[in-house]
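Heads up, the thing below is written out as structure tokens.
The values are calculated or read from the model by the stated rules, or taken from the named source; none is laboratory data. Because the structure is predicted, anything quoted here is derived from the model rather than measured. Counting neighbours? That spans all protein chains shown, and the Cβs are built from the backbone with ideal geometry, glycine included. Calculation scope for accessible area: heavy atoms of the full protein, side chains included, ligands and nucleic acids excluded. Shrake-Rupley method; radii C 1.70, N 1.55, O 1.52, S 1.80 Å.
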Amino acid sequence: MTLTGRRILLGISGGIAAYKSPELVRRLRDAGAEVRVVMTAGAEAFITPLTLQAVSGHRVRTHLLDPEAEAGMGHIELARWAEDIVIAPATAQVVAKLAHGFADDLLSTLVLASQARLWVAPAMNRLMWDAEPVRANVDQLVRGGARLLGPDRGEQACGEHGAGRMQEPDVIVSAMAGASERSRPLVGKRFVVTAGPTHEPLDPVRFLGNRSSGRMGFAVARMLVEAGATVDLVAGPVNLPTPPGVQRVDVVTAREMLEAVNRCIDAADGFVAVAAVADYRPEHEATDKLKKSGEPVTMHLVENPDILATVGHRQTRPFVVGFAAETRDLETSARSKLSAKGADLIAANRVGHELGFDREDNALEVFSAHRHWSLGPRSKCQLARELVDIIAGEMKARER
Ligand code: CTP
């Protein structure tokens, strides 16, 4: 098992188990990973940054507001760089901070600013590990998508015996490598994903559009890449960075989006239509800015091409996933879209209340002809990961 080419950020917090960290860095590098290290102030009481610099081959970061370090790889860049963040050892204090979204040092800030997979290897006294607030914080982290490594049972540095020892470096490395192999079920598959809104021009300064942020589509593209797929992302006007490894084409209107999809769909094994495409566009785009006349205005709108249905009704078509934004009769509407649009899966999104467009959290009801999955509410990133798992499972089932 291997971690070849994986970009791993190791966060070390202040516990005696920090003495195992250099060994963990070496094992991760032996498995092929590129490792950067961040230490909390507490960690420096147990081990020096110089040791970790020597074994990782990179400068170790310890402070959030360090102008010299920020001049190299800034902390946001570092957060984006990481594909996995592993915190080992993770003290009760760090677990509490991460569970509650604190950002008062470099490590906690990086975790908040990153979409990387989070691994937590707790290490603490057994009574602390059993303490109710610690359990609640750990539950919170795991619900948010973090993967727990250990802790092990055994003799503790404080002389007690029980659960709370940090998991051994080789066990951590094989857990990470194993998960990374299991979680790349789409190696060799090509996907096209649409994301964001479309803007349909009225005149040189105005358009018809909607409030889609594009976050869900970008998260799906990112998770498809994590699962090993090659991804072409066709994005409407959004203000989001391109996820690592994704090929992006920017478009504005529905017709441009369809053209861009048509250019890459022949080679695709899967198509995921997350974009909130404008159903209608103004029949004519004025060449000059429209002036007010003091009279009511009637605007003639014509229907846009349905990109999802166009792909879904091709003679040879990829595995097709559509989204549906519904305010009511969610299951009936979603199921009718399965056949109307020629989709294999419809991920339905309840909008209009506290969930939906332009929000961080979301919930999805996913339907195939014969099955139904309920996901969330949780972060769009976590939802996208689970949706990609379903897509991979259904594609595999069809190949059999
Ligand atoms: N879609 C598309 N092209 C369009 C309209 C929609 O590709 N012109 C895709 C969206 O990306 C999404 C799915 O169709 O995957 C569902 O769109 P939905 O929000 O349900 O809108 P409509 O299809 O217009 O259905 P309704 O009339 O219920 O709003």
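Once the Cα atoms of helix 132-143 and of the chain are each reduced to a long axis, what angle between those two axes, in degrees from 0 to 90 to the nearest 10, is obtained?
Roughly 40 degrees, rounded to the nearest 10.
Output the antiparallel fraction of DSSP beta bridges having both residues in the chain, as a percent to the nearest 5.
Values: 20 of 63 bridges.
Close to 30 percent.
Assuming R0 = 30 Å, what is the FRET efficiency of residue 280 and residue 242, from their Cβ-Cβ distance, to the nearest 0.05? List each step's numbers first, then the result.
Numbers: r = 29 Å, r/R0 = 0.97.
Between residue 280 and residue 242 the formula returns 0.55.
State the Cα centre-to-centre distance between region 3-61 and region 212-231 in whole Å.
One Cα centre to the other: 29 Å.
Calculate the FRET efficiency for residue 396 and residue 143 from the Cβ-Cβ distance with a Förster distance of 22 Å, rounded to the nearest 0.05. Don't skip to the end; give the middle numbers.
Numbers: r = 27 Å, r/R0 = 1.24.
With R0 = 22 Å, the Cβ-Cβ based efficiency is 0.20.
Mind checking which lysines have their Cα closer than 25 Å to the Cα of residue 97? Skip sequence neighbours fewer than 8 apart in that chain.
20, 380
Ignoring everything but the protein chains, give the 1.4 Å probe accessible area of residue 306 in square angstrom, nearest 10.
Here the accessible area works out near 60 Å².
Rolling a 1.4 Å sphere over the protein heavy atoms, what is the accessible area per residue of the chain, to the nearest Å²?
Numbers: 19210 Å² over 400 residues.
Here the per-residue accessible area is 48 Å².
In nm, to one decimal, how far is the modelled label at residue 262 from the one at residue 288, with both set 7 Å along Cα→Cβ?
Taking the two extended label points, one gets 3.4 nm.
Can you give me the Kirkwood hydrodynamic radius for region 27-112, using every pair of distinct Cα atoms, in Å to one decimal? Each step should come with its number before you reach the end.
Values: mean 1/r = 0.0737 Å⁻¹.
After inverting the mean inverse Cα-Cα distance, the result is 13.6 Å.
Length gain on complete extension for the stretch residue 152 to residue 325, per 0.36 nm per residue less the alpha carbon to alpha carbon distance?
Details: separation 173, 0.36 × 173 = 62.28 nm, distance 4.49 nm.
Working it through step by step, the gained length comes to 57.8 nm.
Along Cα→Cβ, 7 Å out, is where each label goes; now give me the distance between the ones at residue 77 and residue 132 in nm to one decimal.
For residue 77 paired with residue 132, the spin-label model returns 4.7 nm.
Find out how many positive minus negative residues lie around residue 399, taking Lys and Arg as positive, Asp and Glu as negative, among other residues whose Cβ is under 13 Å from that of residue 399.
With Lys, Arg at +1 and Asp, Glu at -1, the net is +1.
Which listed residue (166, 348, 370) has the Cα farthest towards the positive end of the charge dipole for the chain, taking +1 on Lys and Arg C-beta and -1 on Asp and Glu C-beta about the Cα centre?
Ranked along the dipole, the leading option is 370.
Most mobile of 25, 187, 277 per a Gaussian network model of the chain (Cα springs, under 10 Å)?
Between 25, 187, 277, it is 187 that shows the largest mean-square fluctuation.
Between 28, 301, 148, which gets the highest mean-square fluctuation from a Gaussian network model of the chain, Cα cutoff 10 Å?
301
Suppose every K and R has +1 on its Cβ and every D and E has -1 on its Cβ; what is the size of the dipole of the chain about the Cα centre, in Debye to the nearest 20? Present the calculation step by step, with values, prior to reporting the outcome.
Values: 48 positive and 50 negative charges, 126 e Å.
For this selection, approximately 600 debye.
What size of dipole, in debye to the nearest 20, comes out for region 190-399 about its Cα centre when the only charges are +1 on Lys and Arg C-beta atoms and -1 on Asp and Glu C-beta atoms?
220
Taking the Cα atoms only, what angle lies between the long axis of helix 21-30 and the longest principal axis of the chain, rounded to 10 degrees?
50
Roughly how tilted is helix 169-182, in degrees to the nearest 10 and between 0 and 90, from the longest Cα axis of the chain?
Helix 169-182 and the main axis of the chain meet at about 20 degrees.
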